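A short worksheet on the structure shown next.
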Amino acid sequence: MNEVEKYLTLNYDVAGFNSPKKKVVLVLTFMQGPEVEEWTCGMLQWIQQIPDKSNTDHVWCIFQRRFYRRFTDTQVDSTARKELTQLKMRFPDIDSYIADFKQTVRKALYRLGSHEMNQQFLSGLPRDVAEDVMCYPTPITYQEHTEKALASVQSKVLLQNVFRGNRNFGTFAPQQQRPQWNNTRPQGQSSPQYNSSNAPRWMNNTPVPMNIDRNRAPTRGNYRGNYRGNNFRGWQNPNRYQGYHPQNNFQGNATTTGNSTNACFQCREVGHFARNCPKCRQGGQYNQTANLIDLNNNQMFTKTEPMEEDPVETLQAQLNSLSTENREKLTLAMGGGDRQDFPSA
């Protein structure tokens, strides 16, 4: 209807648009569809029964009242009041929130600028923006509420743009404090001993002993992709030695020593290793014994047959290496006298 009134106002000086009956028929022409067909037919019959002498502005007013009564939503105010309670601002779109708030208040038939509407306006703002609006001086009118809300949003957007490149600027991350353990440990029980493998997170940057239980990485075995040292960040993989069978481990290795019972190499008793054998110390001194390692066939070196040497060539090389003085001594020792079998060069 508003669009029709604008069109009629634009063509007010055109002949025929001053007639109320023609304006009603023009509106009925624009209304099409099965839902309005019955109503338009009834209104057309009513216009045709009006005589020309009664064609006044009163006819147009009657048509407008009937139109609004038929097609106007009678629950529009109730719907607008429900929308008003659910209307919230999406930061930083403060302009759209203000425009939607004004339109919804008018649909709800409320008075813009009242104390209740000002409170409703604040309830739709984010908490930090609402706190800035209510700072001193406290706003009273609706215009003051909107001005302070606009200023608050603009300042927050400016700060976000300034510190967007450095998100951690001005922030302080306090150091994690060591937790206070309750003393619920029974008497006589020592506190846990931490090392580089089982130290908790709160002991970061604190010196702790190194875990030397296993300080050698395996040299052979199937550990590709699943093994990174004997201890990786304190987590031990129970399957990290799967497929690994060292050939030179003589302490309890039944493959290389033939000791299938894992008995001690000193006393041949089960329950301890040779390094901890109680019978190893005799007379205040350690037993001077050692365990030999039997190399398997895979570790045997290649056997090479010795080459026979010629004794004549060996003796000649030794004689050539003698000095003149030693040659003379050798001549006298062999009884050569003045005859020199090996004259000097």
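Yes/no matrix, rows are residues, columns are (1) surrounded by 15 or more Cβ atoms within 10 Å (Cβ to Cβ); (2) closer than 30 Å to Pro139 by Cβ; (3) of a type in the set (Lys, Arg):
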{"position": "Glu3", "(1), (2), (3)": "no, no, no"}
{"position": "Asp13", "(1), (2), (3)": "no, no, no"}
{"position": "Gln49", "(1), (2), (3)": "no, no, no"}
{"position": "Arg70", "(1), (2), (3)": "no, no, yes"}
{"position": "Arg81", "(1), (2), (3)": "yes, yes, yes"}
{"position": "Arg90", "(1), (2), (3)": "no, yes, yes"}
{"position": "Thr104", "(1), (2), (3)": "yes, yes, no"}
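Table: residues versus (1) farther than 24 Å from Lys107 by Cβ; (2) part of a helix (DSSP H, G or I); (3) over 60 Å from the mean Cα position of the chain (by Cα).
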| residue | (1), (2), (3) |
| --- | --- |
| Glu3 | no, yes, no |
| Lys6 | no, yes, no |
| Leu26 | yes, yes, yes |
| Gln32 | yes, no, no |
| Glu38 | yes, yes, yes |
| Trp46 | yes, yes, yes |
| Arg66 | no, yes, yes |
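How many residues are part of a loop (DSSP other than H, G, I, E, B) and closer than 29 Å to Asp73 by Cα when one looks only at region 103-141? Residues in region 103-141 being part of a loop (DSSP other than H, G, I, E, B) and closer than 29 Å to Asp73 by Cα: 8 in total.
State yes or no: is Ala99 aliphatic (A, V, I, L, M), in a helix (DSSP H, G or I) and exposed (fewer than 14 other Cβ atoms within 10 Å of the Cβ)?
Numbers: aliphatic (A, V, I, L, M): yes; in a helix (DSSP H, G or I): yes; exposed (fewer than 14 other Cβ atoms within 10 Å of the Cβ): yes.
For Ala99, the condition - aliphatic (A, V, I, L, M), in a helix (DSSP H, G or I) and exposed (fewer than 14 other Cβ atoms within 10 Å of the Cβ) - is met.
Residue check: Leu125 meets all listed conditions (1) at pLDDT 90 or above; (2) more than 25 Å from Ala151 (Cβ to Cβ) but one, namely (2).
If you check Gly16, Gly42, which single one turns out to be farther than 30 Å from Lys148 by Cα and at pLDDT 90 or above? If you could, list the steps in order and put the result at the bottom.
Working: Gly16 fails: at pLDDT 90 or above.
None of the others qualify; the one that does is Gly42.
Give me the residue from region 272-283 that is in a loop (DSSP other than H, G, I, E, B), surrounded by 10 or more Cβ atoms within 10 Å (Cβ to Cβ) and out of contact with any His (no Cβ under 8 Å at 6 or more places or on another chain) and, out of that set, modelled with the lowest pLDDT.
Start the filter on region 272-283 by keeping residues that are in a loop (DSSP other than H, G, I, E, B), which leaves 272-273, 277-280, 283.
Remaining after also requiring surrounded by 10 or more Cβ atoms within 10 Å (Cβ to Cβ): 272-273, 277-280.
Okay, now just the ones that are also out of contact with any His (no Cβ under 8 Å at 6 or more places or on another chain), so 272-273, 277, 279-280.
Numbers: His272: 81, Phe273: 80, Cys277: 83, Lys279: 77, Cys280: 70.
Applying the filter and picking the extreme gives Cys280.
Of all residues in region 68-96, which are within 30 Å of Glu5 (Cβ to Cβ), part of a helix (DSSP H, G or I) and touching a helix residue (DSSP H, G or I) at 6+ places or on another chain (Cβ under 9 Å)? Residues satisfying the conditions are Arg70, Phe71, Val76, Asp77, Thr79, Ala80, Arg81, Glu83, Leu84, Asp95. Does Arg224 satisfy the criteria of being modelled with pLDDT under 75, part of a loop (DSSP other than H, G, I, E, B) and either loosely packed, with under 10 Cβ neighbours inside 10 Å or touching a Ser or Thr at 6+ places or on another chain (Cβ under 7 Å) (or both)? Spelling it out, Arg224 is indeed modelled with pLDDT under 75, part of a loop (DSSP other than H, G, I, E, B) and either loosely packed, with under 10 Cβ neighbours inside 10 Å or touching a Ser or Thr at 6+ places or on another chain (Cβ under 7 Å) (or both).
The values are calculated or read from the model by the stated rules, or taken from the named source; none is laboratory data. This one's a predicted model, so the numbers in the text were calculated from it and none came from an experiment. Here the Cβ is made from the backbone with ideal geometry for all residues, glycine too, and neighbour counts use every protein chain on show.
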